[in-house]
Every structure is written in C-alpha cells, then in structure tokens.
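The values are calculated or read from the model by the stated rules, or taken from the named source; none is laboratory data. Please read these numbers as outputs of a predicted model, since none were measured by experiment. A quick note on method: Cβ atoms are made from the backbone with ideal geometry, for glycine too, and the neighbour counts reach across all protein chains shown. Note: accessible area is taken over every heavy atom of the protein model, side chains too, but ligands, DNA and RNA are not part of it. Shrake-Rupley method; radii C 1.70, N 1.55, O 1.52, S 1.80 Å.
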Amino acid sequence: MGSVGDKEAFVHLVEKLMIRWGYSHVEGRIYALLLLRGEPMTISDLVEETGFSRSAISTALSRLQRDYLVEVQKRGRTKYFTAIPALFEKFLEQPKIILEKEVMPLEETVRKLLAKESLEGRRKKLVELLVELRLLEYALLRLIEIEAEELRKTYLRDELKDEKPFK
C-alpha cells in the first residue's frame with residue numbers, strides 16, 4: 001500500500017467508521033490493520049503493532065469474529081486472524097439498527113411524555129417531534145425495503161446466471 005501517512009489515514013478512517021457503527025476504537029483499529037495486512041496476524045503481532053494489551057485485543061477479536069468480520073485459523077497452538085472485507089454488509093445493517101435501537105424507542109418515549117404533558121407549548125413541540133420521528137421511521141423503512149429488493153435482485157441474477165437454458 002502507499003506511504004505511512006496513507007496507511008495511518010486508512011486505519012483512522014476505518015476506525016472512525018467502525019466506532020460510528022457501535023464498535024470500540026480497539027475493534028476498529030484492529031479490523032483496519034487486519035484489512036491492510038496481506039497475511040494473517042497473531043495476537044502477538046497485533047500487540048506489537050498497536051500497543052494494546054493482549055486482553056483488549058483478544059476481546060476485540062472475539063467480537064469481530066462473532067460479527068463475521070474476522071476469521072481465525074489455528075496452526076498448532078497459534079491462532080492467525082484475517083479480516084473479512086464486509087463494510088458494505090455492515091452499512092446495509094445500519095438503517096435497521098438505527099430504527100430499532102434509536103428511533104422507535106425515542107418515539108415511544110416522546111409518546112409517553114406527550115400523554116403526561118399538560119402545557120400546550122410543550123405538547124405542540126412533542127407533536128412536532130413525533131411527526132419528525134415518523135418521517136424518519138418511514139425513510140428508514142423505505143431504505144430497508146430498497147436494500148431487501150436489491151439483495152433479491154442480486155440473488156436472482158446470480159441464480160439465473162448459473163442456470164442453463166432449456167433446448
């Protein structure tokens with residue numbers, strides 16, 4: 001890959017993206033380093049490269065493995081870790097995560113506040129907020145539908161590509 005500056009910029013940007021998606025900076029940095037590396041790395045390699053503790057790296061690798069971002073191969077007693085490039089898949093998960101973990105709970109909380117609020121000015125602001133949340137929910141649901149449709153098209157295209165026409 002390019003210069004040290006380019007490598008550090010890559011690591012920083014991937015780490016930042018991973019943090020936005022709910023990963024720790026340790027998980028993000030490790031994933032970025034594994035993506036850059038053309039060969040598998042051991043925990044010792046990662047300790048040397050990052051300065052993080054073996055425990056922090058092991059914990060991060062466990063989550064990355066669980067989320068199918070890293071695969072492990074064992075040779076003898078040593079484990080070798082390799083990144084699985086899956087940024088697009090992680091991106092596609094985001095609308096659903098935002099909807100389920102942020103928008104819907106916030107909407108429910110606003111509804112509860114509205115039910116208890118007696119001051120007209122506050123009620124009006126809460127209703128405006130509910131309208132905004134419903135619009136956001138609709139937009140996220142549309143994104144999820146579009147993603148599902150695109151996946152179906154890709155799947156069908158791949159399936160049909162392998163089919164032989166009848167004679």
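A single entry from LEU126, LEU114, LEU151 fulfils the requirement of being under 30 Å from LEU36 (Cα atoms) and hydrophobic (A, V, I, L, M, F, W, C): LEU151.
Determine if region 106-114 includes at least one residue that is closer than 21 Å to TYR23 by Cα, touching a residue at least 12 places away in the same chain (Cβ under 8 Å) and surrounded by 10 or more Cβ atoms within 10 Å (Cβ to Cβ). Checking region 106-114: not a single residue is closer than 21 Å to TYR23 by Cα, touching a residue at least 12 places away in the same chain (Cβ under 8 Å) and surrounded by 10 or more Cβ atoms within 10 Å (Cβ to Cβ).
Please tell me if PHE88 is without any contact (Cβ under 8 Å) to a residue 40 or more places away in the chain and part of a loop (DSSP other than H, G, I, E, B). No. Would you confirm, using the coordinates I've provided, whether GLU102 is in a helix (DSSP H, G or I) and at pLDDT below 95? So GLU102 passes the test. Residues in region 16-37 that are within 13 Å of ALA60 (Cα to Cα) and without any contact (Cβ under 8 Å) to a residue 12 or more places away in the chain: ILE19, HIS25.
Just to be sure I understand the filter: pairs with C-beta atoms under 7 Å, separated by 6 or more residues or on different chains, first member in region 145-166 and at pLDDT below 70, second member open to solvent by 100 Å² or more (accessible area, probe 1.4 Å). Which pairs pass? From residues that are at pLDDT below 70, there are no pairs.
Taken over region 115-127, the residue count meeting the criterion of being surrounded by 11 or more Cβ atoms within 10 Å (Cβ to Cβ) and in a helix (DSSP H, G or I) is 6. Looking across region 64-88, the residues that are in contact with a Leu (Cβ under 9 Å, 6 or more places away or on another chain) and closer than 20 Å to GLY28 by Cβ come down to LEU64, LEU69, VAL70, VAL72, PHE81, THR82, ALA83, ILE84, PRO85, ALA86, LEU87.
For LEU64, the criteria (1) under 30 Å from GLU137 (Cα atoms); (2) open to solvent by 50 Å² or more (accessible area, probe 1.4 Å); (3) modelled with pLDDT of 95 or more hold in every case but one, which is (2).
Each row is one residue, and each column tells you yes or no for (1) touching a helix residue (DSSP H, G or I) at 6+ places or on another chain (Cβ under 7 Å); (2) within 28 Å of LEU64 (Cβ to Cβ); (3) surrounded by 12 or more Cβ atoms within 10 Å (Cβ to Cβ).
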{"position": "PRO95", "(1), (2), (3)": "yes, yes, yes"}
{"position": "LEU129", "(1), (2), (3)": "yes, no, yes"}
{"position": "ALA139", "(1), (2), (3)": "no, no, yes"}
{"position": "LEU143", "(1), (2), (3)": "yes, yes, yes"}
{"position": "ASP158", "(1), (2), (3)": "no, yes, no"}
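For region 54-69, does any single residue satisfy the condition of being assigned to a loop (DSSP other than H, G, I, E, B), under 22 Å from the mean Cα position of the chain (by Cα), charged (D, E, K, R) and under 17 Å from TYR23 (Cα atoms)? The answer is yes; a qualifying residue exists. Of all the residues in region 38-95, those that are of a type in the set (Ser, Thr, Tyr) and at positive phi number 1. The set of residues in region 31-53 being at pLDDT below 95, outside any helix (DSSP H, G or I) and surrounded by 11 or more Cβ atoms within 10 Å (Cβ to Cβ) consists of ARG37 alone.
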